[in-house]
1. Considering each residue of the stretch 37-85, count those that are surrounded by fewer than 18 Cβ atoms within 10 Å (Cβ to Cβ), under 18 Å from Tyr144 (Cβ atoms) and touching a Phe, Trp or Tyr at 6+ places or on another chain (Cβ under 9 Å), and give that number.
2. Might you check whether a residue that is of a type in the set (Ser, Thr, Tyr) and part of a helix (DSSP H, G or I) occurs anywhere in the stretch 88-96?
3. Has the stretch 216-236 got any residue that is outside any helix (DSSP H, G or I) and of a type in the set (Lys, Arg)?
4. Quick one: which of Glu130, Glu143 is farther than 30 Å from Arg235 by Cα and either in a loop (DSSP other than H, G, I, E, B) or among the acidic types (Asp, Glu) (or both)?
5. Name the residue that is farthest from the chain's Cα centre (by Cα), counting only residues in the stretch 426-444 that are farther than 20 Å from Pro537 by Cα and polar (S, T, N, Q).
6. Provide a single number: the residues in the stretch 279-326 that are surrounded by 14 or more Cβ atoms within 10 Å (Cβ to Cβ), aliphatic (A, V, I, L, M) and part of a helix (DSSP H, G or I).
7. Considering the stretch 59-87 alone, what residues qualify as being within 28 Å of Phe373 (Cβ to Cβ) and not in a helix (DSSP H, G or I)?
8. Just wondering, is there one or more residues in the stretch 508-521 that are assigned by TED's automatic domain parsing to the domain that holds Asp333, of a type outside the set (S, T, N, Q) and within 27 Å of Gln356 (Cβ to Cβ)?
Amino acid sequence: MARLAAVLPLLLLLISAGCSRSPSEQFARLSEEFVYSTLAWSPITATAVGLHRYKNQNLDDMLDDLSPANLDRQRRFYENFRSRLAGLNRDRLTAEDRADLSILEDQIALNLLDLDEIHSHLHNPTIYVEALGNALFSPYVLEYAPKPARMRNIMARLQKTSLFLDQAGNNLLSSPEIWTQVALEENQGNIDLVDKTIRMAVPDELRDAYARAAQPALQAMRKFQDYLRNSLAGRTDADWRLGEIYARKFRYTLESGVDASTTLQSAERELPQVRARMLDLALPLHRAQAPAHKDHPELSGAERDNRIIGEVLARIADRHATRESYMDDARQDLAEARAFVESKGLLKLPPHANLQVIPTPEFMRGIYAVGGFSPAPALEPQLGAFYWVTPIPADWPAARVESKLREYNFYKLKLLTIHEAMPGHYVQMEAANNVQPATRRLLRSVFGNGPYIEGWGQYATQAMLDEGFGGHSPEMALTFAKEELRVIANTILDVRLQMLNMTDDEALSLMEKQTFQEHEEASAKLQRAKLSSCQLPAYFVGWRGWIRVRDAYKQAAGASYSLAGFHDRALAEGAVPLAVLDKLMK
């Protein structure tokens, strides 16, 4: 009894300590549990964000477990976690907590929708190919440890490649033809990555060990290539269109508070407005460039507009890089954009000199046909960040090369570089890597809101031009207006293809005849729209969202408003939904 009396005060103290945790502290523990549990299921993602060990496991040596049993465990986790979050008292959480809670709830809903209804793991071979490529490429390119240690991580993952691809083959029931074709192309990129790129970088003392690890992995990749070509290619009854599921995925992915149908209506309403603005920009240029055409009085309506705008855009497109200079031109554009941001003081630039311009990895070129951005790891922000530029293949015929270079001409390549790197995704992601605490940073990095991220890329480009980048050139303004049309077309494409059975011909007509895209660009965008869903509208939804947030902030700030102050404040939050950002900025 005396012993019990002695222990009782300690028990009461422990219970009291647990009960005394504030709602924010309780939520922080839940958020941390979610982030680290989901990263532990995906060692590939964990390496990319800088989490190398967890619960005595070396995640850098592991591949994701996509077996049916593990996917079922994930499903139960999400269902249980949804119930736990539902029990929270939102009113007692801080605004920052509520922002994180909204991200968690939408991520859970999105993952359950995929596991229960979309079934990507049963029908999309690209998720396996791209996951494997990233598993091998991240240790190759991210210098989180000395090269020999990272090569050993790669070799450990190579030893698990056969099992990983066997899981893929066992899971996949059928696949749309386009998904299988892209998986074939990207899997060949993985083969080349292992057999050529990484092999050439292996230190001499590890060459024999690498060869022993690579041989069965390459055999498994080639076996999977045969499986894709000879087995899965014959099972095409899966549909890349989501149909009625799309509206729910749209809601959970974009987190905009506006549904897919309303967003489509907004985009279609804006398309003629932007075209009218383009005509106003094009007419003076057209009169200077082709005075003999006299603004084509023989034509009327959309046919006349298309002719005038198209002729001016064609003249603009004449000024472009060569296949050989394309990558170097992007690097020069990056230096020019950085100097402009510094001279104008548009925002606080990252202290790290960690941005590199590199070719897009081959295993990602199916969806990144033009370029992209890969940020520095959230937990290791000092490591490399990469602006990917997709090189023009050496075997492309001259006409296809010219189509690509005309689309990404002198002006458009600058706009791409602003969007992807400076002050677009690179600056935004670097700012996000300063979010504290680390769990919040990880949450808003791994599950960052697409409209916030892509919308910033578009908004930042507009801000650069508004401040005079390009010398207020009418050619640059018209090129950017064409990009605005493309952003609008992205939304129309995604919603109509996924929900309303838009045909390929209708999609190409929209892009080539109404939004002035080169055939090569239009064809690549159509492929991208079939490979993904709810990503293409992020540009339109996010761009408009950023403008709304800025205008509301400016009105509230009054005389104390500064553009740089707004940028720094908004970027410091990380990639939260824009409707949430608006509340956090007040």
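The values are calculated or read from the model by the stated rules, or taken from the named source; none is laboratory data. Keep in mind it's a predicted model, so treat the numbers as computed, not measured. Note: ideal-geometry Cβ built from the backbone for every residue, glycine included; neighbour counts use all protein chains shown.
1. Here the count works out to 2.
2. Checked against the condition, which is being of a type in the set (Ser, Thr, Tyr) and part of a helix (DSSP H, G or I), the stretch 88-96 yields no hits at all.
3. yes
4. Just a single option satisfies the conditions, and that option is Glu143.
5. It comes out as Gln436.
6. The total comes to 11.
7. Answer for the stretch 59-87, where residues must be within 28 Å of Phe373 (Cβ to Cβ) and not in a helix (DSSP H, G or I): Met62, Leu63, Asp64, Leu66.
8. Within the stretch 508-521, one or more residues are assigned by TED's automatic domain parsing to the domain that holds Asp333, of a type outside the set (S, T, N, Q) and within 27 Å of Gln356 (Cβ to Cβ).
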